[in-house]
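To start, the structure itself, in structure tokens.
Each value in this text was obtained by applying a stated rule to the coordinates, not by laboratory testing. Only a predicted model underlies this, so the values are computations on that prediction, with no experimental measurement involved. Cβ placement follows ideal geometry from the backbone for every residue including glycine, while neighbour counts extend to all protein chains displayed.
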């Protein structure tokens with residue numbers, strides 16, 4: 001039924017819920033047919049993520065550097081060509097990211113974040129795979145860079161764990177991007193985000209957990225896991241005035257349209 005379009009199966013914070021295989025199996029029994037597990041540090045994670053994805057027919061992975069880690073010397077060693085080659089040589093690497101800008105935490109210098117973001121955009125265009133964008137308190141710079149380096153060049157992707165403004169959503173949609181909602185949309189004080197969600201066209205919406213973070217109601221405050229994407233999906237379905245099964249079908253089709261290297265066959 002559902003696809004979790006963004007989770008972190010290798011994250012130490014999720015280990016208490018079980019090993020990746022147990023989480024994948026639990027999600028399947030909760031109606032989650034597949035999931036995309038996301039890379040944040042190429043230098044440390046890509047081999048583990050590839051092993052997980054290559055060992056399960058319904059799991060795929062990405063390759064990239066999170067903006068929090070953009071300043072790390074070991075992440076800067078990866079070139080555009082390196083990223084493109086790795087994406088091309090593994091059928092289960094279906095996306096590049098997560099990348100972007102995070103000015104809320106500023107864990108890496110902003111110039112390093114921008115340079116990393118641009119590198120990922122160039123790699124996405126060269127490899128013809130989608131980009132997974134993380135942006136927080138950096139809406140204008142994010143869109144400016146996406147427009148300058150990606151507009152009209154075949155760049156495609158998703159604004160993951162969307163929690164931004166209507167302006168950001170509109171700009172991303174204009175660039176052809178999809179919008180993915182996490183458990184945040186179920187939170188009591190997230191009415192502004194729900195208002196944005198209602199304006200996202202049905203053919204551009206995705207659902208995700210961002211596990212182990214941001215568990216949806218009724219699990220808020222607990223460790224998140226891919227199985228819980230069904231709760232976020234059902235909540236959004238009601239917001240759109242649809243039955244959960246219909247919304248699951250729509251978001252699953254959207255996922256495979258965007259991440260066209262992924263397949264359950």
* To do: Indicate the gyration tensor shape class of the stretch 174-223 (rounded, prolate or oblate), computed on the Cα atoms with a ≥ b ≥ c the square roots of the eigenvalues: a/c under 1.5 is rounded; otherwise a/b larger than b/c is prolate and the rest oblate.
  => oblate
* So, in nm, how far is label residue 191 from label residue 1 when the simple model puts each one 7 Å beyond its Cα toward the Cβ? -> 3.0 nm
* Springs between alpha-carbon atoms under 10 Å, Gaussian network over the chain: tell me which of 210, 47, 69 tops the mean-square fluctuations. => 47
* Asked: Order of 161, 40, 7 from fewest to most other C-beta atoms within 10 Å?
  -> 40, 161, 7
* Relative contact order, percent, of the stretch 2-258 when contacts are C-alpha pairs under 8 Å separated by at least 6 residues? -> 20 percent
* **Relative intensity, log₁₀ I(q)/I(0), of the chain from a Debye sum that treats every alpha carbon as a point, q = 0.07, 0.15 Å⁻¹** => -0.20, -1.05
* **Mean Cα-pair separation over length for the stretch 1-75, i.e. relative contact order, pairs under 8 Å, 6 or more apart, %** => 32 percent
* State, to one decimal in nm, how far the label point of residue 76 lies from the label point of residue 222, with both points 7 Å from Cα in the Cβ direction. => 4.3 nm
* Choice from 32, 217, 205 showing the highest fluctuation, given a GNM over the chain with Cα pairs closer than 10 Å -> 217
* To do: Report the dimensions of the stretch 129-265 along its three principal axes from the alpha-carbon atoms, largest first, rounded to Å.
  => 41, 38, 28
* Asked: Three principal axis extents, largest first, for the C-alpha atoms of the stretch 74-171, in Å?
  -> 37, 29, 23
* Asked: Among 133, 265, what is the fewest-to-most ranking by other Cβ atoms within 10 Å?
  -> 265, 133
* Structure fact -> In whole percents, the bins of 10 Å from zero upward hold the Cα-Cα pairs of the stretch 129-179 as 27, 65, 8
